[in-house]
Amino acid sequence: MTSEDRTAVLALLRRVTFGMPPEEAGRYVSLGYRGTVDALIEEARGDDRDLDAYLGTLELDLTTLAGLQRWWLVRMLRTRRHLLERMVLFWHGVLVSASAKVGVPRATPEMPNPPRHLLVQNQLFRALGLGQSRDLYRAIVHDGAMLIYLDGRDSRKAKPNENFARELFELFAVGRSGPDGRPTFHEDDVREASRGFTGWSVSKDGEVQFRPNQFDAGTKRVFGQVGAFGADALIDLTLSHPNHAVHLCRRLFRHVIDDRPTEDDLAPVIAAYRESGGDMARTVRALLLSPAAMDPARFRGRMRSPIEFVVGTLRTLGMPDTGTNLPGILDRMGQSPFNPPNVAGWPSGERWLSPSMWLERVNFANGVATTRKGARSDGLPIAAIVPPAARVSPEAVVDAITARLLDGRLSSDARETLVAYARQGVTWPSGRTPRDDELAIDRKARGVIHLVLAMPDSHLA
């Protein structure tokens, strides 16, 4: 395998997984690029029974937002279905619901098992996220979290609520305008479609119900089509809109590759989506095998979200974590799981890097580099990251760390700076006692990790 092939596989893993240590990444490298794409898709069809069992041992309180967030973050930290979990995050940012409005009801003596709408929705994304998009969009219509978030539970024949129809067209599935800049829908389309989404409700105990007497069964006109459309028919009509494939594939491209897709970049992805009838596994495969995805000039062309950075760092360094402190850390970085800021989802690109958000990233890097057993994780496994064979020179220490955190891709100037730091204050080889040697090298290695995690390269995918 050429170095270019290896680089391409590692870039792929950086984009579509939550990170992994070198020994795990090496297995994929041996498969080659196309083999890795196929393996990630095939693994997504497996199960996480061992992970489910482990989560049970944590005894998380899923009737609190923090408990729910820890549940998902631990899944990200430990899953073997890398690509699927990334798709769960993708769909959470597309078909948005947020705890700020949906709520996470606490258990009470009167209701010891309160509804877990956001958990159910998260599992829905996991079950259908790499299947047929039609199935997921149809299911989201009567998803409890979505019905609460966009007021569908209060939409009745006599007074249809337009929120879901509007966001379905504008954000979830079609987009405001097409490639020619012309509007893709009109207010009449929203008003008429909202009538077809009436009749759904959510009871106090969380049961989703369809009330036929509150459904508007009359004739509607949407996108120039006339019929007595109900929810399923309206979803089918929406997904057949000429701009739907363009809109969704652009969002997928931006989630994985970068924020600057051209029409040529999107063409093979859109073609796969349309030809497969909305099969997301085939669409993702087409994206990952597209010229844009395999272009070395676009590697590290996208800013990693806080979740990608935090979870990816912990996984790559081999730091198992029960997620106790991660919800607060991520909230301060601007990405609170289960709680996007608005119906458009989270920002992207440089919008992740306000001064306060960047400071939180640097503070997290420091915490990772300095934590030892008994802190918020099992501790940084420094001996595994910098084994004895790497403790012979500052160059070897730097190379061992950057091989793990940056796939060995580092500019010569940056490497020289890190080596100069590692050399300072340490005699290589040292004439001190072995114990002093180990402590000095340990401190330097931790310092190098902190510096690498604070470098722009660590925040790009």
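The values are calculated or read from the model by the stated rules, or taken from the named source; none is laboratory data. What you see is a predicted model, and the numbers here were worked out from it, not measured in a lab. Glycine gets a Cβ as well: all are built from the backbone with ideal geometry, and neighbour counts include every protein chain shown.
Condition test on THR36, is it within 17 Å of LEU289 (Cα to Cα) and either surrounded by fewer than 21 Cβ atoms within 10 Å (Cβ to Cβ) or without any contact (Cβ under 8 Å) to a residue 60 or more places away in the chain (or both)?
Working: within 17 Å of LEU289 (Cα to Cα): yes; either surrounded by fewer than 21 Cβ atoms within 10 Å (Cβ to Cβ) or without any contact (Cβ under 8 Å) to a residue 60 or more places away in the chain (or both): yes.
Here the answer is yes, as THR36 does meet what is asked.
Would you be able to say whether some residue in the range 77-87 is farther than 30 Å from LEU150 by Cβ, in contact (Cβ under 8 Å) with a residue 60 or more places away in the chain and surrounded by fewer than 21 Cβ atoms within 10 Å (Cβ to Cβ)?
Of the residues in the range 77-87, the ones farther than 30 Å from LEU150 by Cβ are 77-78, 80, 82.
Next, only the ones that are in contact (Cβ under 8 Å) with a residue 60 or more places away in the chain stay: 77-78, 82.
Adding the requirement that they be surrounded by fewer than 21 Cβ atoms within 10 Å (Cβ to Cβ) leaves 78.
Scanning the range 77-87, I find at least one residue that is farther than 30 Å from LEU150 by Cβ, in contact (Cβ under 8 Å) with a residue 60 or more places away in the chain and surrounded by fewer than 21 Cβ atoms within 10 Å (Cβ to Cβ), so the answer is yes.
For the range 439-454, what are the residues that are surrounded by 16 or more Cβ atoms within 10 Å (Cβ to Cβ) and out of contact with any helix residue (DSSP H, G or I) (no Cβ under 9 Å at 6 or more places or on another chain)? The answer is ALA440, and nothing else.
The set of residues in the range 184-211 that are farther than 27 Å from PRO114 by Cα, loosely packed, with under 13 Cβ neighbours inside 10 Å and not acidic (Asp, Glu) contains only HIS186. A single member of GLN132, GLN214, GLN123 is under 27 Å from ALA98 (Cβ atoms), exposed (fewer than 13 other Cβ atoms within 10 Å of the Cβ), at pLDDT 95 or above and of a type outside the set (Ser, Thr, Tyr), and it is GLN123.
Mind checking which helices (runs of 4 or more DSSP H) fall wholly inside the range 143-208 and carry at least 3 residues that are touching a residue at least 12 places away in the same chain (Cβ under 8 Å) and of a type in the set (A, V, I, L, M, F, W, C)? Steps first, answer last, please.
Numbers: elements: 144-149, 163-167, 187-196.
Qualifying helices (runs of 4 or more DSSP H): 144-149.
Flag: VAL368 does not match the condition of being in a loop (DSSP other than H, G, I, E, B) and either at positive phi or of a type outside the set (S, T, N, Q) (or both). For GLY206, the criteria (1) within 21 Å of LYS157 (Cα to Cα); (2) modelled with pLDDT under 95; (3) not aromatic (Phe, Trp, Tyr) hold in every case but one, which is (1).
Selection of the range 125-139 for residues being part of a helix (DSSP H, G or I) and either touching a residue at least 12 places away in the same chain (Cβ under 8 Å) or within 23 Å of MET76 (Cα to Cα) (or both) yields PHE125, ARG126, ALA127, LEU128, SER133, ARG134, LEU136, TYR137, ARG138, ALA139.
Considering (1) crowded, with 18+ Cβ neighbours inside 10 Å; (2) free of Cβ contacts under 8 Å to residues at least 40 places away in the same chain; (3) of a type outside the set (Asp, Glu), the lone condition that THR219 does not fulfil carries the number (1). Take the conditions (1) at pLDDT below 95; (2) assigned to a helix (DSSP H, G or I); (3) under 20 Å from the mean Cα position of the chain (by Cα); ASP47 misses just one of them, which is (2). Evaluate the following for HIS186: is it out of contact with any Ser or Thr (no Cβ under 7 Å at 6 or more places or on another chain) and closer than 16 Å to VAL222 by Cβ? For HIS186, the condition - out of contact with any Ser or Thr (no Cβ under 7 Å at 6 or more places or on another chain) and closer than 16 Å to VAL222 by Cβ - is met. Scanning the range 306-333 for residues that are within 24 Å of GLU350 (Cβ to Cβ) and among the β-branched types (Val, Ile, Thr) yields ILE307, VAL310, VAL311, THR313, THR316, ILE329. The single condition among (1) crowded, with 16+ Cβ neighbours inside 10 Å; (2) closer than 24 Å to TRP71 by Cβ that ARG156 does not meet is (2). Checking each residue of the range 146-153 against the condition of being of a type in the set (Ser, Thr, Tyr) and at pLDDT 95 or above gives at least one match. Within the range 106-120, the set of residues being surrounded by fewer than 17 Cβ atoms within 10 Å (Cβ to Cβ) and farther than 30 Å from ASP279 by Cα comprises ARG106, ALA107, THR108, PRO109, GLU110, MET111, PRO112, ASN113.
Identify the residue in the range 406-430 that is in contact with a Leu (Cβ under 7 Å, 6 or more places away or on another chain) and either assigned to a loop (DSSP other than H, G, I, E, B) or under 20 Å from THR313 (Cα atoms) (or both) and, among all such residues, is modelled with the lowest pLDDT.
Initial filter on the range 406-430 (in contact with a Leu (Cβ under 7 Å, 6 or more places away or on another chain)): 407, 418, 421.
Right, trim to either assigned to a loop (DSSP other than H, G, I, E, B) or under 20 Å from THR313 (Cα atoms) (or both) and you get 407, 418.
Numbers: ASP407: 93, LEU418: 97.
Filtering first and then ranking leaves ASP407.
Quick one: is LEU89 out of contact with any Phe, Trp or Tyr (no Cβ under 9 Å at 6 or more places or on another chain), on the phi < 0 side of the Ramachandran plot and assigned to a helix (DSSP H, G or I)? Taking the combined requirement at face value, the residue does not satisfy it.
Would you check which residues across the range 159-183 are under 18 Å from ILE148 (Cα atoms), surrounded by fewer than 22 Cβ atoms within 10 Å (Cβ to Cβ) and within 24 Å of the chain's Cα centre (by Cα) and list them? Hits for the range 159-183 are GLU167, LEU171. Within the range 335-359, restricting attention to residues that are more than 23 Å from GLU59 (Cα to Cα) and of a type in the set (Phe, Trp, Tyr), the residue that is surrounded by the fewest Cβ atoms within 10 Å (Cβ to Cβ) is TRP358. Taking ASP232 as the residue in question, decide whether it is acidic (Asp, Glu), modelled with pLDDT of 95 or more and either over 16 Å from GLY175 (Cα atoms) or part of a helix (DSSP H, G or I) (or both). So ASP232 fits the description; yes.
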